[in-house]
Every structure is written in C-alpha cells, then in structure tokens.
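First the structure, in the form of structure tokens, and then the observations on it.
No lab work stands behind these numbers, since they all come straight from the coordinates. Nothing here was measured: the structure is a model prediction, and the numbers come from that model. Here the Cβ positions follow ideal geometry from the backbone for every residue, glycine too, while neighbour counts run over all protein chains shown.
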Amino acid sequence: MTIDAIMRTAPVIPVIVIDDVAHAVPLAEALVAGGLRVLEVTLRTPAALPAIRAMKQVEGAIVGAGTITNPRELDAALEAGSEFIVSPGLTETLGLAAIASGVPFLPGIANAGDIMRGLDLGLDRFKFFPAMTAGGLPALKALAAPFGQCRFCPTGGISLENAPEWLAFDPVLCVGGSWVSPKGAPDKAVIEALAREAFSLR
C-alpha cells in the first residue's frame, strides 16, 4: 500500500501507547472491529516492538510504527514487521533511509521549511504535528495554501469534538488521535464503540 492509500483507509488513525504486550491483540481486535484498521504503535515504551509483532496477527489490521526519529529505530520497526512508518519530524537522514527502504512513510511537519524539505525528497504526504500547539487548523490552512500537492494527517490535540472540523478541510485525509485507544487494559466493548464513532466521522 502507498501512504496515500493508508491515509484514506479510515478518517482516524489511532495513536497507540502500549505498556503491556498482553494488551496489544485485544486492543487491535477492538479497533479493527470498529472500522479503524490502520494502527500506529508509538515507540515510546519497551513493549512497542513486541506489540507490533503481535498486532500483525489480527486479521484486517494495518500496523505501523510511530515516533520514529532515526534510521536505527526505522530498522528496528521494519524488523518487527511495521507496514508503515510515522515520524514526529523530518530529517534528511531519516527521510532518505525511509525512502530507500520502500516503506510507506509519513513524516511530521510543523512549518513551510519542513514541507519544502519533504518535497525535495519526493514526499508530499505529511503528519502535521503537534497540530493544536503548532497553530491549529488556521495554521494548517495557511501552510497548505502554497503546497497544493500536499495532503496531511494532523496529530496532537485532536479529539472527537474537533476532528470533524479538521476532516472538513480538503487537504486533510485523516487525523491521528489517542482518544480511541485509552491506555491500560483494553475494554474491548468500549474501544470498539469509540472506533465506530470515529469511523463515522467521514
């Protein structure tokens, strides 16, 4: 799959922090059952890489790694089976490594210079991060105007309440949100309900 196809799979990409590998499969099963097939597991805990391996067993799940900041982490995420890669920012070193690997790659941007760096590398799909503290929707509208070929996934401060406003902006293909995957032992019924609600946003 291309990063564009991944971004268009569902309106919300769950941003997942896993502290206990035992939580990974039940969480993934509930999210996929609710329609959210694209799962971003952030590399913020020791359980993240084993969780990616476990979640890949869930039928229908498209499992990727987030919070990738350098080629070493990229390699570890790919070895764990990540189907896409998300980074909080964009460096030429990471960008070149991701492109060379052939993995669908969604780098973070927060300003015009970031976008131009991405375009220089041949990238035009970006995560706008941290979305709310980087100026919110008005900032993204201003940024998107000179870069008509670019499409975005805002992440950081996105909620069920404000997601529809972001999704109504044409250059936004999806949003990233943690509200659909609360930390701790997953209550499958609750998470599936949250996922269904998020899936219905578009």
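Quick look at the values:
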read-out: Helix-only mean residue ellipticity at 222 nm for the chain, each DSSP H run of n ≥ 4 adding -39500 (n - 2.57), per residue, nearest 500; value: -10500 deg cm²/dmol
read-out: Kirkwood Rh in Å, taken over all unlike Cα pairs in the range 1-113; value: 14.0 Å
read-out: Cα gyration tensor shape for the range 75-184, rounded if a/c is under 1.5, else prolate or oblate; value: oblate
read-out: Residues V21, V12 arranged by fewest to most Cβ contacts within 10 Å; value: V21, V12
read-out: Estimated FRET transfer efficiency (E161, T9; beta-carbon r; R0 25 Å; 0.05); value: 0.65
read-out: Table column - 3J(HN,Hα) (Hz), the range 13-27, Karplus curve with 6.51, -1.76, 1.60, x for Gly and Pro; value: 9, x, 9, 10, 10, 10, 9, 9, 4, 4, 7, 5, 5, x, 5
read-out: Shape call, the chain: gyration tensor on alpha carbons, a/c limit 1.5; value: oblate
read-out: Within a Gaussian network of the chain (alpha carbon springs, distance under 10 Å), most fluctuating of D120, D75, D20; value: D120
read-out: Potential lengthening between D187 and R72 on full extension [0.36 nm per residue; Cα-Cα distance subtracted]; value: 38.0 nm
read-out: Full-extension gain in nm, I99 to D170, via 0.36 nm per residue minus C-alpha separation; value: 23.0 nm
read-out: Residues with amide H under 5 Å from that of G177, placed H, sequence gap 5 or more; value: I13, V15
read-out: Whether the range 1-45 is rounded, prolate or oblate, judged on the alpha carbon gyration tensor where a/c under 1.5 counts as rounded; value: oblate
read-out: Whole-Hz ³J(HN,Hα) from phi, Karplus 6.51 cos²θ - 1.76 cosθ + 1.60, for the range 58-63, glycine and proline x; value: 7, 4, x, 6, 10, 10
read-out: Where GluC sites (Glu not before Pro) in DSSP loops with at most 12 other Cβ within 10 Å are excluded, longest remaining stretch of the chain; value: 60-160
